[in-house]
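Have a look at this one.
The values are calculated or read from the model by the stated rules, or taken from the named source; none is laboratory data. Note that the structure is predicted; figures quoted are calculated from it, not measured. Counting neighbours? That spans all protein chains shown, and the Cβs are built from the backbone with ideal geometry, glycine included. Please note that ligands, DNA and RNA were not included when accessible areas were found on the heavy atoms of the full protein model with its side chains. Shrake-Rupley method; radii C 1.70, N 1.55, O 1.52, S 1.80 Å.
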Amino acid sequence: RLFPASQHPLIRAVLNRLVPPGGGFPGAGDLDLLDHLEQAACASPATRRMFVEGLRQIAVESEQRHARGFEDLAAAEQEAVLRQVEGERPTFFDALVSQVYQGYYSDPAVIPLLGLEARPPQPLGHTLPPFDPGLTRAMTQRAALYRRP
């Protein structure tokens with residue numbers, strides 16, 4: 001595992017700050033998105049390093065500013081820490097937000113809350129109008145665009 005168990009409370013708190021619970025929706029940290037984040041973070045050695053260092057920076061910033069772990073901070077304090085890290089590590093922060101949104105909005109617990117069905121588009125997909133052969137009339141009356149052998 002890329003993220004040790006000791007970091008899981010930090011990660012859950014960060015995810016809940018990025019997508020907080022409300023309106024009948026769970027927070028991103030309340031879902032099991034750790035596997036999704038680890039898979040994304042392990043895409044390459046550079047991405048792995050970026051995620052490890054970015055999460056470490058969140059923990060360090062929290063300790064330096066407030067002498068407490070990120071998960072123990074009030075919402076406004078957490079937001080200030082994340083804004084600081086976003087300013088210092090914009091590439092990490094953009095990648096983190098992107099992965100959190102992808103994992104959150106594709107989670108089986110969230111899809112029905114959005115009013116969507118998790119199913120393939122067919123056979124219950126969009127209804128197509130009956131085929132109109134008149135649409136191809138101009139092409140069938142045109143001369144061939146190739147040479148006959």
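Condition check: touching a Phe, Trp or Tyr at 6+ places or on another chain (Cβ under 7 Å) and among the polar types (S, T, N, Q). Does S62 satisfy that?
Working: touching a Phe, Trp or Tyr at 6+ places or on another chain (Cβ under 7 Å): yes; among the polar types (S, T, N, Q): yes.
Yes: the conditions hold for S62.
So which residues in the stretch 74-96 are among the hydrophobic types (A, V, I, L, M, F, W, C) and in contact (Cβ under 8 Å) with a residue 60 or more places away in the chain? Reasoning before the result, please.
Step one: list which residues in the stretch 74-96 are among the hydrophobic types (A, V, I, L, M, F, W, C), which gives 74-76, 80-82, 85, 92-93, 95-96.
Once the filter is applied, which keeps residues that are among the hydrophobic types (A, V, I, L, M, F, W, C) and in contact (Cβ under 8 Å) with a residue 60 or more places away in the chain, the stretch 74-96 yields L82, L96.
Follow-up question, since we're still on this one. Scan the stretch 42-72 residue by residue and report those that are touching a residue at least 40 places away in the same chain (Cβ under 8 Å) and either closer than 14 Å to V14 by Cβ or among the polar types (S, T, N, Q) (or both).
Those that are touching a residue at least 40 places away in the same chain (Cβ under 8 Å) and either closer than 14 Å to V14 by Cβ or among the polar types (S, T, N, Q) (or both): T47, F51, V52, G54, L55, I58, A59, G69, F70, E71.
Can you find a residue that is within 30 Å of L33 (Cα to Cα), open to solvent by 100 Å² or more (accessible area, probe 1.4 Å), over 19 Å from the mean Cα position of the chain (by Cα) and at pLDDT below 85 anywhere in the stretch 129-137?
Initially, the stretch 129-137 is screened for residues within 30 Å of L33 (Cα to Cα), giving none.
Within the stretch 129-137, none of the residues are within 30 Å of L33 (Cα to Cα), open to solvent by 100 Å² or more (accessible area, probe 1.4 Å), over 19 Å from the mean Cα position of the chain (by Cα) and at pLDDT below 85.
Just checking, how many residues over the stretch 73-116 are among the aromatic types (F, W, Y) and buried (at least 17 other Cβ atoms within 10 Å of the Cβ)? Full working, then the answer.
Step one: filter the stretch 73-116 for residues among the aromatic types (F, W, Y), giving 92-93, 101, 104-105.
Right, trim to buried (at least 17 other Cβ atoms within 10 Å of the Cβ) and you get 92-93, 104.
The qualifying residues number 3.
Looking only at residues that are touching a residue at least 60 places away in the same chain (Cβ under 8 Å) and closer than 15 Å to Q99 by Cα in the stretch 1-31, which one is most open to solvent (accessible area, probe 1.4 Å)?
Residues of the stretch 1-31 that are touching a residue at least 60 places away in the same chain (Cβ under 8 Å), as a first pass: 9-10, 13-15, 17-19, 24-26, 28, 31.
Pick out the ones that are also closer than 15 Å to Q99 by Cα and you get 14-15, 17-19, 28, 31.
Values: V14: 2, L15: 5, R17: 68, L18: 34, V19: 14, A28: 0, L31: 22 Å².
Filtering the stretch 1-31 for residues that are touching a residue at least 60 places away in the same chain (Cβ under 8 Å) and closer than 15 Å to Q99 by Cα, the one most open to solvent (accessible area, probe 1.4 Å) comes out as R17.
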